[in-house]
Amino acid sequence: MKIHEYQARRLFEEAGIPVARAETAKTPAEAEAAAARIGTAVAVKAQVHVGGRGKAGGVKLAGGPKEAAAAAEKILGMTIKGSVVRQVLVMEKVNIAREVYLGLVFDRDRRGHGLIVSAAGGVDIEEVAAKTPEKIHREFIHPLAGLSGFQARKAAFSLGIPKPAALETAKTLMALYGLFQKTDATLAEINPYVIRPDGTTVAIDAKMNFDDNALFRHRAIESLRDMQEEEPLEIEAKSADLAYVHLGGDIGIIGNGAGLVMTTLDVVTACGGKPANFLDIGGSSSPEKVRRALEIVLKEKGLKVIFLNVFGGITRCDDVATGLVQAIRSLAPKIPIVIRMTGTNVELGMNILKESGLNLKTHPTMQAAAAEAARLSGT
Ligand code: GDP
Ligand code: MN
């Protein structure tokens, strides 16, 4: 789960990380009032769940309240990488001597948490990593010992900043790690962390992502979720207790069990098809669940065919067939549905399909069905 900068900034503040003064605003008038209260020049920043707002025109500096209102007027309503700006953060303008990058991430190669810092802050860190990897300093964090003060200082001093600033930065890294660890975050990033001309330091951006599977033990964090930033079909699927991921192709995929659905995606892709989604109806599927699944997948735009792949175990093929027939009757889909169904109660299931009079064709193997789905999608 992602959160907004203004929310991450508040978590940073609570964790003892120095942050620039800021207030949110939903209208130009609110931005003007916020800038007046802050009382300095400000940066007006789009609050959306995507990076690179600066480059996209979503961050504007303003000399005072009137200029802040004008900046907010321009930024509010803007679409940045598909997200509509509904709110801005009005932040005290900070004088910058140096911009550095501080981040805590998953180090998948080493199967643990990693600390990344770079003297090349403010810009896209992926680009720095690709073009000038020598500008990135990494520390692997021992899963039991956690980030040590020594590692934090080593990383901070690698930035080539004055000693007091480096010591402050090391303190920030320890606080950031504490927060990252405590909240089951998957990413905590400050880009840029600023060294002011007087040598003091402050965070002027804030980003955190969290592990969805750990949110049940962080209700306060979960309440920060912004539904308007989430994939609408994923929300709908979640409320129906279905695991759904939007992928963007034109073949809708429905299966039972995450492993089978993943395999189906692979086989369809190997046949030259492009899966539109991942949808797992789970183990104990009722006809109702199958109906909901079809309803959700049919909302994918540009869909050319649906591939239903069921291997009945606990899931019974007659339940799946019943749900499918109900769904087709009520939704009357205009695209073909390719079915491969085997396992528990398969004969009963096949009978239900046959007796429905809907002319539903089934395929004996996943391979044959996947090839047919790819063919029908036009690849
Ligand atoms: P991002 O592009 O979405 O990562 O947004 P940031 O909040 O990181 O802002 C992008 C850039 O705008 C920063 O790297 C700074 O160069 C600039 N910027 C943002 N806030 C301030 C500020 O308070 N003072 C100054 N001088 N520049 C700022
Ligand atoms: Mn940034």
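The values are calculated or read from the model by the stated rules, or taken from the named source; none is laboratory data. The shown structure was predicted, so the numbers you read here are calculated from the model rather than taken from an experiment. So basically every Cβ, Gly included, is an ideal-geometry build from the backbone, and we count neighbours across all protein chains shown.
For region 204-219, give me each residue that is buried (at least 23 other Cβ atoms within 10 Å of the Cβ) and of a type outside the set (Val, Ile, Thr). ASP205, ALA206, MET208, listed by residue number.
Figure legend. Inter-residue proximity from region 338-352: first residues assigned by TED's automatic domain parsing to the domain that holds PHE307, second residues among the aromatic types (Phe, Trp, Tyr) and not in a helix (DSSP H, G or I), beta-carbon distance below 7 Å, spacing 6+ or different chains. Indicated pairs: VAL338/PHE307; THR342/PHE311; GLY343/PHE311. Filtered by the rule that a residue be among the acidic types (Asp, Glu) and surrounded by fewer than 16 Cβ atoms within 10 Å (Cβ to Cβ), region 237-253 gives a lone residue, ASP241. Checked against (1) within 12 Å of ligand 1 (Cβ to nearest atom); (2) part of a loop (DSSP other than H, G, I, E, B); (3) of a type outside the set (Asp, Glu), ILE17 passes all but a single condition, namely (1).
LEU187 meets the conditions (1) within 16 Å of ligand 1 (Cβ to nearest atom); (2) of a type in the set (A, V, I, L, M); (3) modelled with pLDDT under 95 in every case but one. The failed one is (3).
Could you look through region 20-63, keep only residues that are farther than 27 Å from VAL123 by Cβ and part of a loop (DSSP other than H, G, I, E, B), and pick out the one that is nearest to ligand 2 (Cβ to nearest atom)? That would be LYS26.
The sole residue among GLU99, GLU73, GLU67 that is within 30 Å of HIS142 (Cβ to Cβ) and either in a helix (DSSP H, G or I) or in contact (Cβ under 8 Å) with a residue 40 or more places away in the chain (or both) is GLU99.
Checked across region 235-250, the condition of being of a type in the set (Ser, Thr, Tyr) and touching a Gly at 6+ places or on another chain (Cβ under 9 Å) holds for no residue.
Considering only region 221-237, I want to know if a residue exists there that is out of contact with any Phe, Trp or Tyr (no Cβ under 7 Å at 6 or more places or on another chain), β-branched (Val, Ile, Thr) and modelled with pLDDT of 95 or more. No: zero hits.
The set of residues in region 10-37 being under 24 Å from THR169 (Cα atoms) and basic (Lys, Arg) consists of ARG10, ARG21. Among the candidates ALA43, ALA72, the residue that is at pLDDT 95 or above, near ligand 1 (Cβ under 10 Å from one of its atoms) and among the small types (Gly, Ala, Ser) is uniquely ALA43. In region 294-303 there is no residue matching the filter, namely being more than 32 Å from the chain's Cα centre (by Cα) and of a type outside the set (Lys, Arg). Quick check, is ILE221 more than 14 Å from ligand 1 (Cβ to nearest atom) and of a type outside the set (Gly, Ala, Ser)? Yes, satisfied. When VAL128, VAL194, VAL123 are screened for being at pLDDT below 95, closer than 22 Å to GLN47 by Cα and not hydroxyl-bearing (Ser, Thr, Tyr), only VAL123 passes. Once region 102-122 is narrowed to residues that are in contact (Cβ under 8 Å) with a residue 60 or more places away in the chain and part of a loop (DSSP other than H, G, I, E, B), the residue that is nearest to ligand 1 (Cβ to nearest atom) is GLY122.
Would you call ILE80 outside the structural domain of LEU187 (by TED's automatic domain parsing), over 24 Å from TYR177 (Cα atoms) and touching a residue at least 12 places away in the same chain (Cβ under 8 Å)? Considered against the rule, which asks whether it is outside the structural domain of LEU187 (by TED's automatic domain parsing), over 24 Å from TYR177 (Cα atoms) and touching a residue at least 12 places away in the same chain (Cβ under 8 Å), ILE80 comes out as yes. For region 155-175, name all the residues that are surrounded by 17 or more Cβ atoms within 10 Å (Cβ to Cβ) and either within 13 Å of GLY114 (Cβ to Cβ) or of a type in the set (Lys, Arg) (or both). ALA155, LYS171, LEU173 - these are the residues of region 155-175 that are surrounded by 17 or more Cβ atoms within 10 Å (Cβ to Cβ) and either within 13 Å of GLY114 (Cβ to Cβ) or of a type in the set (Lys, Arg) (or both). Condition first: modelled with pLDDT under 95, of a type in the set (Gly, Ala, Ser) and closer than 21 Å to ALA321 by Cβ. Can you find one or more residues in region 256-268 that meet it? Yes: one or more hits.
Of the listed requirements (1) surrounded by 16 or more Cβ atoms within 10 Å (Cβ to Cβ); (2) over 21 Å from PHE180 (Cα atoms); (3) more than 16 Å from ligand 1 (Cβ to nearest atom); (4) not basic (Lys, Arg), VAL88 misses just one: (3). Screening ALA29 with (1) touching an Asp or Glu at 6+ places or on another chain (Cβ under 6 Å); (2) away from ligand 1 (no atom under 14 Å from the Cβ) gives one miss only, at (1).
The combined condition, being in contact with a helix residue (DSSP H, G or I) (Cβ under 6 Å, 6 or more places away or on another chain) and surrounded by fewer than 17 Cβ atoms within 10 Å (Cβ to Cβ), is fulfilled by GLU73.
Restricting to region 248-281, and then to whatever is touching a Lys or Arg at 6+ places or on another chain (Cβ under 7 Å) and either free of Cβ contacts under 8 Å to residues at least 60 places away in the same chain or part of a loop (DSSP other than H, G, I, E, B) (or both), can you tell me which residue is nearest to THR342 (Cα to Cα)? By that ranking, first place goes to ILE281.
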